[in-house]
Amino acid sequence: MKCQADKTLAPSCDLSGSATATPTDEICDGKDNDCDGLIDESWDNPSGLGLAKCAGQECKGVRDAVVHVAAAGAPNSGYYVYGYEASRVDASATSAGSVSTRACSRQTNASGTGVLPWSSVTWVVADAACRAAGMRLCKVTRANDAVVADEWGFACALGKNCASGCYPYGSAYDATLCNGAEASRNAAATVGSFNKCITSGDLDPANAGEAVFDMSGNLAEWTDDGRGTLADGRKIYTIRGGAFDSFSVGLGCTFMAAALAQDFSYPDTGFRCCSSCAPGLADCSGACTNLGSDSANCGACGTACAAPATCENGVCE
Ligand SMILES: [Ca+2]
Ligand SMILES: [Ca+2]
Ligand SMILES: [Ca+2]
């Protein structure tokens, strides 16, 4: 099986043997790179289905750039977080793109240019975009409003003294490191381009040096941290880290005072995804599963195949 030379014609593959391109592992680009008929799927090609091979192996699904958070002795760690603010599959250095099928975490697109983050996004759209990537928004667990666990804040604050506020890069504010209001950019930058705006804590002793970008500024980030419900039924969620139009306090790891309705969006609102599951597996309410072969979660969490159909590469057949 080979791809058509013109992959912009995705998801079609040329089965005649006359094509020139060969399949590759799936990347987050709005195209069917591995010629299996699915675009930007997060799971690997199941073995035994006769699907495209990559260097003799089954092709891998999209592998978002994530950082494993497994700090020693930290009871709330053991999860994965996007290394970059989420971007759309068709993002470039000059456009945030327009396709809303799923979120991506990467510093550059297939053309090798930087990508603007997915902005003007509502909580509802952000939540769906993470789920389509087999992930979810970063969770906060509360008991009587007190924070019990905070995935987003834990990664940001790790290793710093946050008693009077802290930042991903350290305990003291530095206006030059991240894209806040004092950077005077007044717009989002391509993800990761403020290359010192990174987490300084050792998020995983097994992967020393891994860091998360832009947790302070650039775009403020929706989290799965429910803060109540409006009279009309809309839910309220915390948005973290401040944005290109925020000042020091709002740019901090522990700042949780920005809580907005689920349908709010603005040019400074973005998100990043988290997961309890390793890349290639989906986080379905905390259970890690392969959406390519799980007949109870086929192609998406909660999509069950009606017997006798079974799940074959994310489709009930
Ligand atoms: Ca595919
Ligand atoms: Ca793709
Ligand atoms: Ca941010």
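Annotations
- Within the chain, the percentage of alpha carbon pairs spaced more than 33 angstrom apart rounds to 26%.
- Segment ARG227-THR101, length gained on full extension (0.36 nm per residue, minus Cα span): 42.7 nm
- Sequence of PHE271, PHE213 when ordered by accessible area, the most exposed leading, probe 1.4 angstrom: PHE213, PHE271
- Value at 222 nm in deg cm²/dmol, rounded to 500, when DSSP H runs of n ≥ 4 in the chain each add -39,500 (n - 2.57): -1500 deg cm²/dmol
- Helix 123-132 vs. the chain, principal-axis angle (Cα, 0 to 90°, nearest 10): 40
- The range 111-164 shape via C-alpha gyration tensor axes, a/c threshold 1.5: oblate
- Charge context of GLY286, other residues only, Cβ under 13 angstrom, K/R +1, D/E -1: -1
- Accessible area in the full protein assembly, largest first, 1.4 Å probe, for SER285, SER216: SER285, SER216
- Note: relative contact order over the chain, using C-alpha pairs below 8 Å and six or more positions apart, is 16 percent.
The values are calculated or read from the model by the stated rules, or taken from the named source; none is laboratory data. Small disclaimer: the values here were computed from a predicted structure and weren't measured. Cβ atoms come from the backbone with ideal geometry, glycine included; neighbour counts cover every protein chain shown. Quick note on the areas: whole protein, heavy atoms, side chains included, nothing else; ligands and nucleic acids left out. Shrake-Rupley method; radii C 1.70, N 1.55, O 1.52, S 1.80 Å.
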